[in-house]
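The structure under discussion appears below in the form of structure tokens.
The values are calculated or read from the model by the stated rules, or taken from the named source; none is laboratory data. All of these numbers come straight from a predicted model, not from anything done at the bench. Here Cβ is always computed from backbone atoms with ideal geometry, including for glycine, and neighbour counts include all displayed protein chains.
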Amino acid sequence: MSRPDGEGASDHAGRVVIVTGAGKGLGRTYALELAARGAAVVVNNRWSDRGQPSSAEAVVAEIRAQGGRAAASYEDASDRGAGEAMVAQALAEFGRLDAIVSNAGVPQTRRLHKQTWEDFKAIFDINFFGAFHLIQAAWPHLSASEAGRVVVSASSAGLHGGDGMAAYASSKAALIGLVRGLAVEGRLRNVMVNAVAPYAATAMTVQHVAPETAARMAPADVAPLAAWLAGPDCDVSGRTLVVGGGRLRAAFSVEGAPVLLQQGLIAEGVHTALMAGPWEAYADAHEAFAAFMDERPALEPA
């Protein structure tokens, strides 16, 4: 199986990738793109209604019809053992594992006073722990690969929040924190770990955007970035990349210039700090701490 234009046709040759939530929407485009680039793909999507055809099987059939290699997984990514089961299947079917694309997730718009603990936890179980269990199970095999890669599906909600999105935004922000932490751990093993914050018109999002905007948000526009991040040529780690409609930008955690915290001027100090550049990004928490404790003069509160 190869891309019609030949672009990237072999950059995943011989590699094995697991994609969760791959029966439809973004996950389907990821699986098709990876297969077109030469990867063998474990196409995961839970099969909740066994009276209906499996969406994972349908994507596998698409890949095989074009000469690619794929296998269907029906695990529910929110189950604690799903990650181990998917990894075991990849090894049994294809003999190795080089990358995972954790895409399975669910939305929720519900203000906190209308939300139960069970509601909140359910969002975390799929959006965060679904990714965590798969990454944890895959980590030894990704470390053994010459180019182990992890890609998770974050969201601009995890960066900026949103009305009624406390659970969803928290789960996505937790993923971004996981990416940052694992990127540091993965350095010595050449495991690159990154997050994609996609803008794409899918069943999850299309009802929330105007039709003319949705027309510019084809899921297939996101797939090349996901495939590159999952591939051996990826040379960045710990990053969150916002992508959609043919556009791409990087999101950063930054800190501003330090401000002197003076007794009696707390409010002034806070407001000065909120406006104080230059804004700097750091490789990890240790570097941020060292920069904060530097003895260079701090700004006076306004």
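Per-residue answers, yes or no, for (1) surrounded by fewer than 21 Cβ atoms within 10 Å (Cβ to Cβ); (2) of a type in the set (G, A, S); (3) modelled with pLDDT of 95 or more:
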| residue | (1), (2), (3) |
| --- | --- |
| H133 | no, no, yes |
| P140 | yes, no, yes |
| V150 | no, no, yes |
| A174 | yes, yes, yes |
| V193 | no, no, yes |
| P198 | no, no, no |
| T202 | yes, no, no |
| P211 | yes, no, no |
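Just need a number here: residues in the stretch 275-302 that are more than 30 Å from V193 (Cα to Cα) and either assigned to a helix (DSSP H, G or I) or not basic (K, R) (or both).
Count: 9.
For residues that are within 17 Å of L142 (Cβ to Cβ) and of a type in the set (A, V, I, L, M, F, W, C), tally how many sit in the stretch 93-118.
Looking only at that region, the number is 5.
In the stretch 282-302, which residue that is surrounded by 13 or more Cβ atoms within 10 Å (Cβ to Cβ) and touching a strand residue (DSSP E or B) at 6+ places or on another chain (Cβ under 9 Å) is farthest from S237 (Cα to Cα)?
P301
Residues of the stretch 91-105 being in contact (Cβ under 8 Å) with a residue 24 or more places away in the chain and over 17 Å from V222 (Cβ atoms), which ones?
Those that are in contact (Cβ under 8 Å) with a residue 24 or more places away in the chain and over 17 Å from V222 (Cβ atoms): L91, E93, F94, G95, R96, L97, D98.
Among the residues that make up the stretch 144-156, is at least one of them within 26 Å of G38 (Cα to Cα), in a helix (DSSP H, G or I) and out of contact with any Cys (no Cβ under 8 Å at 6 or more places or on another chain)?
Yes.
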